[in-house]
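The values are calculated or read from the model by the stated rules, or taken from the named source; none is laboratory data. Fair warning: this is a prediction, and the values are worked out from it, not measured in the lab. So basically every Cβ, Gly included, is an ideal-geometry build from the backbone, and we count neighbours across all protein chains shown. We work out accessible area using only protein heavy atoms, side chains counted, and drop any ligands, DNA or RNA first. Shrake-Rupley method; radii C 1.70, N 1.55, O 1.52, S 1.80 Å.
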Amino acid sequence: MARTAKQVFVNLPVKNLDKSIHFFTELGFEFNPQFTDKNATCMVINENTFVMLLVEEFFQTFTQKELVNARSSTEVIMAISAESNDEVDEIVKRALAAGGSPSNEAIDHGFMYAWSFQDLDGHLWEVMHMQGSVE
């Protein structure tokens, strides 16, 4: 029997929670106030997927490992889907206008179009539109 999770929570360390909330609000994301305090917030990707933005000091309480400096090292690339190529462009342009940094140039593979950016803490985000479904 294949295991499936009903929800996915990704945890990312951030230096400044308020600035991160403002940045992702500019991209159109919403936050669950029930899971928001001075140490963390729950960014809603969709009804089953969430990104917990945790202040670095608080994030560190969950691990004994050293935190990765996302500006110089990469541990993960967050990939989110968009409804169209135009929406991919819109999201990345909004990220750059809100203070994010460029990552890679837009890539068109025919069946998939993607463009990426770095958030305020250097985490990599790829926005993609794929023809068809991955399910």
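Of note:
- With the charge dipole of the chain set up from +1 on Lys and Arg Cβ and -1 on Asp and Glu Cβ about the Cα centre, the Cα lying farthest toward the positive end among the listed residues Thr41, Thr25, Trp115 is that of Thr41.
- Among Thr74, Thr36, Thr41, the order of accessible area from largest down is Thr74, Thr36, Thr41, computed with a 1.4 Å probe on protein heavy atoms.
- Relative to the dominant Cα principal axis of the chain, helix 17-26 is inclined by about 20°.
- Three-way shape label, the stretch 5-65, alpha-carbon gyration tensor, a/c 1.5: oblate
- Cα long-axis angle, helix 85-97 against the chain (0 to 90 degrees, to the nearest 10): 40 degrees
- Short-range pairs are left out: with C-alpha atoms under 8 Å and at least six residues apart, the relative contact order of the chain is 22 percent.
- Rounded, prolate or oblate (a/c below 1.5 giving rounded, otherwise prolate when a/b exceeds b/c) for the stretch 1-108 by Cα gyration tensor: rounded
- Within the chain, longest stretch free of exposed trypsin sites (Lys or Arg not before Pro) [DSSP loop, at most 14 other beta carbons within 10 Å]: 72-135
- Added length on full extension, which subtracts the Cα-Cα distance from 0.36 nm per residue, Glu75 to Thr63: 2.8 nm
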